[in-house]
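**Q** Just passing along the structure, written as structure tokens.
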Amino acid sequence: MKYIKFSNGDEMPMIGLGTAGIPADQTYDVVRKALEIGYRHFDCSPIYKNEAEVGQALNDAIDDGEVTREELWVTSKLWNSDHRYNDVEPACEKSLENMGLDYFDLFLIHWPVAVERGVEWAQNEEDHLAEEEAPLEDTWTGMEDCMAEGTAKHIGVSNFNIAKLKLILEECMDPPEVNQCEWHPYLPQQTLYDYCKSNKIKMTAYAPLGSPGRPESYRKSNDPDLLSEPAITEIANKHGMTPAQALLAYGLTRKMAVIPRSSNPDRLKENFEAQDLKLDREDLRSLIVLSKFRYFKGEEHTSHGSPYKLTDIWEY
């Protein structure tokens with residue numbers, strides 16, 4: 001297992017299982033199979049609607065002696081409806097209760113946007129909160145409280161650009177330790193990558209395979225298929241690996257954690273084995289010139305009367 005080490009010595013496995021989009025009725029079996037293969041890092045969120053099933057699988061595996069809690073790395077996230085300071089700790093505790101856990105190894109602000117309590121996806125202007133109604137600085141203070149109380153061992157953010165990271169860094173007592181974002185050869189985000197590196201913020205890549213299983217609402221007929229990108233298939237053939245393994249090896253080479261999602265046992269194993277593979281400098285150079293594309297555009301957070309713009313989220 002390859003790890004990213006934190007300043008206190010804790011280690012996050014660099015290959016994890018993303019649980020977004022796994023149907024709740026399949027989640028338990030998928031997680032148990034992933035544990036059998038060797039996965040120890042699980043990325044979760046209450047908005048995925050399967051936290052209870054993930055938690056049940058993890059706890060049953062612990063009870064069966066297959067793994068200890070200390071060997072696991074469980075990440076969850078704060079949803080947009082819980083950004084007010086007084087809502088942060090209760091939201092973390094609710095997710096822990098749903099999963100049957102005492103603490104998260106990593107707790108992230110899911111998006112730098114806020115909506116009213118009880119709202120999952122904003123449908124009108126009234127569903128949104130203006131930035132001054134739930135300042136990110138106050139939200140971050142709530143995240144720091146979670147760490148102080150021991151419900152989260154590490155805290156960070158997701159989908160944050162440099163401006164939002166600077167806002168937190170200028171006001172915080174405890175800086176963000178991780179920024180999770182869409183990242184792959186079509187979206188290398190070098191400026192953001194360099195900024196995070198210079199500020200000792202680790203990065204986790206979601207959609208490292210281009211999210212081939214993303215919902216139809218996120219698809220357009222002319223979206224490029226990362227897994228069939230000629231530069232990727234050429235690298236895969238050169239090294240005797242699959243395109244998916246080549247993409248994961250690319251992320252690992254850049255010292256990022258990667259959290260591909262799959263419910264297929266063979267692909268789970270294939271993805272996990274990518275940590276043993278390496279790309280060379282020639283491979284990395286061939287990927288620099290690829291066209292740029294973002295699969296998850298975030299428009300659901302900037303429409304329906306939202307006060308937020310895409311430039312409030314992404315680094316362009």
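The values are calculated or read from the model by the stated rules, or taken from the named source; none is laboratory data. Worth saying up front: this structure is predicted, and the values here are computed from it rather than measured. Backbone-built Cβ (ideal geometry, glycine too); neighbour counts: all protein chains shown. When the accessible area is computed, the model is the full protein with side chains, heavy atoms only, and any ligands, DNA or RNA have been set aside. Shrake-Rupley method; radii C 1.70, N 1.55, O 1.52, S 1.80 Å.
**Q** For Glu126 and Asn237, what does the FRET efficiency come to when R0 = 41 Å and r is the distance between their Cβ atoms, rounded to the nearest 0.05?
**A** Result of the calculation: an efficiency of 0.15.
**Q** Principal axes first, then extents: for the Cα atoms of the range 68-167, list largest minus smallest coordinate on each axis, whole Å, largest first.
**A** Extents along the principal axes: 46, 29, 20 Å.
**Q** Right, next: How far apart, in nanometres, would the label points at Ile47 and Asn264 be if each is projected 7 angstrom from Cα along the Cα-to-Cβ direction?
**A** Here the answer is 2.7 nm between the modelled labels.
**Q** Measure out, as a whole number of angstrom, how far apart the alpha-carbon centroids of the range 92-132 and the range 37-79 sit.
**A** With the range 92-132 and the range 37-79 each reduced to a Cα centre, they are spaced 19 Å.
**Q** Calculate the FRET efficiency for Asp194 and Tyr103 from the Cβ-Cβ distance with a Förster distance of 51 Å, rounded to the nearest 0.05.
**A** For R0 = 51 Å, the calculated efficiency reads 0.95.
**Q** By how many nm would the segment from Lys297 to Tyr3 lengthen if fully extended, with 0.36 nm per residue of separation less the alpha-carbon distance?
**A** Extra length from Lys297 to Tyr3 when fully extended: 102.9 nm.
**Q** Taking 0.36 nm per residue of separation and subtracting the Cα-Cα distance, what length does fully extending Thr311 through Glu137 add?
**A** That works out to 60.8 nm of additional length.
**Q** I need two numbers for the range 190-300: Rg to one decimal and Dmax as a whole number, Cα atoms only, in Å.
**A** Computed over the Cα atoms of the range 190-300, radius of gyration and Dmax are 14.3, 40 Å.
**Q** What is the chain's relative contact order, in percent, from Cα pairs under 8 angstrom and six or more apart in sequence?
**A** So the answer I get is 19 percent.
**Q** Kindly provide the Kirkwood hydrodynamic radius of the range 157-198 in Å, to one decimal, from all pairs of distinct alpha carbon atoms.
**A** For the range 157-198, the Kirkwood estimate is 10.9 Å.
**Q** Whole number in Å², please: accessible area per residue of the chain, 1.4 Å probe, ligands, DNA and RNA not counted.
**A** With all protein chains present, the chain gives 45 Å² per residue.
**Q** Spin-label point model (7 Å from Cα, Cβ direction): what's the Ile37 to Asp145 distance in nm?
**A** My value for the distance between the label points is 3.9 nm.
**Q** At a 1.4 Å probe radius, carbon and sulfur cover how many percent of the accessible area of the chain?
**A** 47 percent
**Q** I've got another one for you. Could you check the spin-label model distance between Tyr85 and Glu66? Points 7 Å from the Cα along Cα→Cβ, value in nm.
**A** 4.3 nm
**Q** Which of Gln56, Gln26, Gln180 moves most in a GNM of the chain, Cα contacts under 10 Å?
**A** Its mean-square fluctuation being the largest, the pick is Gln26.
**Q** Further, regarding this structure: Give me log10 I(q)/I(0) at q = 0.11 Å⁻¹ for the chain, Debye formula, one equal scatterer per alpha-carbon, no solvent.
**A** Normalising to I(0) and taking log10 leaves -0.66.
**Q** Out of all Cα-Cα pairs in the range 1-155, roughly what percent, to the nearest whole number, are more than 23 Å apart?
**A** 38 percent
**Q** For Asp25 and Arg219, calculate 0.36 nm times their separation in residues minus their Cα-Cα distance, and state this gained length in nm to one decimal.
**A** 67.4 nm
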